[in-house]
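To start, the structure under review is shown below, and the notes come after it.
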Amino acid sequence: MTRHKQEATHRASTSPWVINTRELGRRPGNMRKYQRTVPAPPGFGLEVIGIPQGAPIELDLRLESATEGVFVSGSAHAELVGECSRCLEPITDEVTAQLGELFAYPDSATVATTEYDEVSRVVDDLIDTEQMVRDAILLGLPLAPLCQEDCPGLCPDCGERWAELGPQHTHETLDPRWAALQGRLASSADSEADAEERR
């Protein structure tokens, strides 16, 4: 292992997302549970909703030793902050993502038969759960979050929230085919008014 890789692994071992599997051992069937709360790094969300950076993510993990590696299962829970996709009002919600992924041993047949980025891996007895949790949470986020199921959205003319506008709220609409004629009539009326003032 190069010095650079050793340093990178050492830094990773201090991360709250990283779990040392040495205590678990490699005997198939061995199991350990871990519960921890970790701060959300940047990028845990979509454009309209997500977990704010630094907000707590509660992990409830179960690690099981298998022939090919360590199987990690459990859940991740966090509070969400975003905006309604219809009316843009701030909203809060929560997400609980179910986890389940194999982290392959470096000398396993799984590693030997897959590309590097196709499977998660155990590196120096360490597993980094951040990407697994990120993927599961992103899949659990609503693509179009709503402040309420029947949110009516915004008025297309004035941009105000329909929920705050009265039932009589309307805007005068003019058929575009008459717009040019209305402009001529207004111009003609202005000319007549000017002529009247000059008299």
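The values are calculated or read from the model by the stated rules, or taken from the named source; none is laboratory data. Remember, predicted model here, so these are calculated numbers, not experimental data. We place every Cβ from the backbone using ideal geometry, glycine too, and count neighbours over all the protein chains shown.
Considering (1) over 30 Å from Cys155 (Cβ atoms); (2) surrounded by 15 or more Cβ atoms within 10 Å (Cβ to Cβ); (3) among the basic types (Lys, Arg), the lone condition that Arg22 does not fulfil carries the number (2). Just one residue in the set Thr9, Thr37 is more than 24 Å from Ala144 (Cα to Cα), at pLDDT 95 or above and not charged (D, E, K, R); that residue is Thr37.
The criterion of being of a type outside the set (D, E, K, R), surrounded by fewer than 18 Cβ atoms within 10 Å (Cβ to Cβ), farther than 24 Å from Arg22 by Cβ and within 14 Å of the chain's Cα centre (by Cα) holds for Thr92. For the stretch 57-79, a tally of residues being in a strand (DSSP E or B) and either β-branched (Val, Ile, Thr) or outside the structural domain of Val133 (by TED's automatic domain parsing) (or both) returns 3. For Thr129, the conditions (1) out of contact with any Phe, Trp or Tyr (no Cβ under 9 Å at 6 or more places or on another chain); (2) polar (S, T, N, Q); (3) touching a residue at least 60 places away in the same chain (Cβ under 8 Å) are fulfilled apart from (1). Among the criteria (1) part of a strand (DSSP E or B); (2) within 26 Å of the chain's Cα centre (by Cα); (3) over 23 Å from Leu146 (Cα atoms), the one Gly54 does not fulfil is (1). Pull up the stretch 100-149, narrow it to residues that are small (Gly, Ala, Ser) and within 30 Å of Leu80 (Cβ to Cβ), then point me to the one that is nearest to the chain's Cα centre (by Cα). Once the filter is applied, the top-ranked residue is Gly140.
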